[in-house]
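Q: Below you will find the structure I want to go over with you.
The values are calculated or read from the model by the stated rules, or taken from the named source; none is laboratory data. Everything numeric in this text was worked out from a predicted model, so none of it was measured. Every residue, glycine among them, receives a Cβ derived from its backbone with ideal geometry; neighbour counts consider all protein chains shown. Keep in mind that these areas ignore ligands, DNA and RNA; they rest on the heavy atoms of the full protein, side chains included. Shrake-Rupley method; radii C 1.70, N 1.55, O 1.52, S 1.80 Å.
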Amino acid sequence: MAGLSPQITNIIIILGMMQVSKKIPFEDPDVLNLVRALYVASNVIIAGIYIYVQLQINKKKDLTTIKYVEPAPMGSSEEGKLVTTTVHAYDSQQIKNSFRSQVMGIAMMGFMHIYMKYTNPLLIQSIIPLKGALESNLVKIHLYGKPASGDLKRPFKQPAGLMSGLQSGPAQSDKKAVEAAERAGRGGVKDE
């Protein structure tokens, strides 16, 4: 699966795990508790990865300035605004977004499992978020030690997904777009 995109591998995993989950006797309390433990362990591992990455970000404290044009909100007629920040602040914001996304996933899974009594998604949600965390750009840079160039250059490109056509496009960091935003005066956002 080395040549497949992450979205394709996610679909393959979901379809495979749906078939596997049909054969698992969730009515047995021991099996159900084992799957719950797998889900909790997966989320603890993800939290550990994110905490480690946050520690690495704070340890490096890279104060290199980056400028990019943040896309305007979808449906808005205004143009994007210029953002000037540091690598440290950008990475810190990205890891906070990752934590927030994980907490939202746990809350939704908790609602589905506790309130609606769904058990099959526990198995799938034990694998997909862990895979996503291990494939994230910050983990590639700060855990795997890959250089921040090419696809890992900041600002990160949003991965193409099913809803990518509805979104407002990627942040532009090329010199021409940044200079145009500076001349137009649609900036002023400075993160420190």
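Q: Tally the residues that are in contact with a strand residue (DSSP E or B) (Cβ under 7 Å, 6 or more places away or on another chain), open to solvent by less than 70 Å² (accessible area, probe 1.4 Å) and either closer than 18 Å to Gln158 by Cα or among the aliphatic types (A, V, I, L, M) (or both), restricting the search to region 71-85.
A: 3
Q: Among what's in region 135-158 and is part of a helix (DSSP H, G or I) and at pLDDT below 90, pick the residue that is least open to solvent (accessible area, probe 1.4 Å).
A: Leu152
Q: Still on this structure, please answer the following. How about region 78-92: which of its residues are in a helix (DSSP H, G or I) and either without any contact (Cβ under 8 Å) to a residue 12 or more places away in the chain or more than 17 Å from Leu63 (Cβ to Cβ) (or both)?
A: The answer is none; no residue qualifies.
Q: I need the full set of residues from region 85-105 which are over 11 Å from the mean Cα position of the chain (by Cα) and not acidic (Asp, Glu), in order please.
A: Thr85, Thr86, Val87, His88, Ala89, Tyr90, Ser92, Gln93, Val103, Met104, Gly105
Q: Go through region 46-70 and give me each residue that's surrounded by 15 or more Cβ atoms within 10 Å (Cβ to Cβ) and within 21 Å of Leu134 (Cα to Cα).
A: Ile46, Ala47, Ile49, Tyr50, Val53, Gln54, Gln56, Ile57
Q: Further, regarding this structure: Where the second residue is at pLDDT below 90 and open to solvent by less than 20 Å² (accessible area, probe 1.4 Å) and the first is under 15 Å from Leu15 (Cα atoms) and part of a helix (DSSP H, G or I) and lies in region 120-134, which pairs have Cβ atoms under 6 Å and are six or more apart or on separate chains?
A: Pairs found: Asn120/Ser21; Leu123/Ser21.
Q: Here's a follow-up. Check whether at least one residue in region 93-110 is in contact with a strand residue (DSSP E or B) (Cβ under 9 Å, 6 or more places away or on another chain), part of a helix (DSSP H, G or I) and either of a type in the set (Lys, Arg) or modelled with pLDDT of 90 or more (or both), and report yes or no.
A: Within region 93-110 (the criterion being in contact with a strand residue (DSSP E or B) (Cβ under 9 Å, 6 or more places away or on another chain), part of a helix (DSSP H, G or I) and either of a type in the set (Lys, Arg) or modelled with pLDDT of 90 or more (or both)), the answer is yes, since at least one residue qualifies.
Q: In region 13-36, which residues are exposed (fewer than 12 other Cβ atoms within 10 Å of the Cβ) and under 20 Å from Gly105 (Cβ atoms)?
A: Selection gives Leu15 alone.
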